[in-house]
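Below is one structure, written out as structure tokens, with a few remarks after it.
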């Protein structure tokens, strides 16, 4: 569940050049058919793989990025752009499935579908029964990254994120459901609770915590931890892995109370006007060399068995990238909570961020 800065990339140069070289004239209808509009988290693909897709297929890609699933859904529903393909979090996918906003993916068009590990497909059935509408891209956990030179206490509980001795050295994720993981798990509650009294208590805990926070951040947490500008941070496992590789003083842990395991998957929204192109792109992302390139770039867990088998044993056994069954047993997936609870979460989040 990877967030990042919003930007818009229009990648048409290779296709245009190919038309010039071929000397062919193409009608507007043909140009429109040879197109793909993608909506994805920020900094969540090696853009060279997108360029390569354009070069190999001649399909012109319009690529837009968003910060959080809620931001994506708001813009998607506005109807301003008819997206052909979206990568987003599983709980948002569940919501879109329930609302009839996605199209079934034709597996017969996916040459590399058999490379997806059945273990993860089985997990994905929690939000997409039968794996009808989605194809996993990455998965991971949410935990705590900490600097062993700056943190003398044992880090095994979310409770340390409220320790005033680390005032102005603590970073939390700038995402409402992720931020609520810590207080909910400390209270022994489900991440999918619909009890508004419990969520109110969670808000009170986050308001108390805010007094000692450095900031709510997303991608920047990784860089701040590498630079040793913070002692503790709530972070996605992939970002933690990258940070740890660049700073030997950093470690990552899933707190004993538990946390979240998430999947980010491709879905084809009902606004899609280029479904065949969308399925081509999904399959291209699962081609072993392309999947490997994106795994190395993002370094989140991949469900692609060909990529996994090519990794060294230390990567295969790294719980930050590929968690053990024991770690997964502590984790919980987010469920779609319905419009009423989405609105309530948004209300709480606005209140928390308003001061």
Completion exercise
Flagged in segment 303-355 as surrounded by fewer than 15 Cβ atoms within 10 Å (Cβ to Cβ) and in a loop (DSSP other than H, G, I, E, B), in numbering order, are 310, 312, 317, 324, 338, 354, 355
Exercise for the section: Please verify whether segment 56-66 includes one or more residues that are in the same structural domain as residue 306 (by TED's automatic domain parsing) and assigned to a helix (DSSP H, G or I). Expected result: yes
Problem - Search result, residues across segment 175-190 that are under 17 Å from residue 144 (Cα atoms), part of a loop (DSSP other than H, G, I, E, B) and at pLDDT 95 or above - result: 180
Exercise for the section: Kindly indicate whether residue 122 is farther than 27 Å from residue 322 by Cα, out of contact with any strand residue (DSSP E or B) (no Cβ under 7 Å at 6 or more places or on another chain) and not assigned by TED's automatic domain parsing to the domain that holds residue 337. Expected result: no
Completion exercise
Exactly one of 151, 171, 218, 155 is modelled with pLDDT under 95, over 30 Å from residue 106 (Cα atoms) and crowded, with 16+ Cβ neighbours inside 10 Å, and that one is 218
Handout entry: residue 284 vs. criteria surrounded by 18 or more Cβ atoms within 10 Å (Cβ to Cβ), in a helix (DSSP H, G or I), in contact (Cβ under 8 Å) with a residue 24 or more places away in the chain and in contact with a helix residue (DSSP H, G or I) (Cβ under 8 Å, 6 or more places away or on another chain)
Key = yes
Completion exercise
Of 303, 293, the only residue that is in contact (Cβ under 8 Å) with a residue 60 or more places away in the chain and in contact with a strand residue (DSSP E or B) (Cβ under 6 Å, 6 or more places away or on another chain) is 303
Fill in the blank from the handout: Given the conditions (1) more than 26 Å from residue 182 (Cβ to Cβ); (2) crowded, with 17+ Cβ neighbours inside 10 Å, every one holds for residue 230 apart from (1)
Problem - Residue within segment 80-96 that is crowded, with 18+ Cβ neighbours inside 10 Å and free of Cβ contacts under 8 Å to residues at least 40 places away in the same chain present - result: no
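The values are calculated or read from the model by the stated rules, or taken from the named source; none is laboratory data. This one's a predicted model, so the numbers in the text were calculated from it and none came from an experiment. Counting neighbours? That spans all protein chains shown, and the Cβs are built from the backbone with ideal geometry, glycine included.
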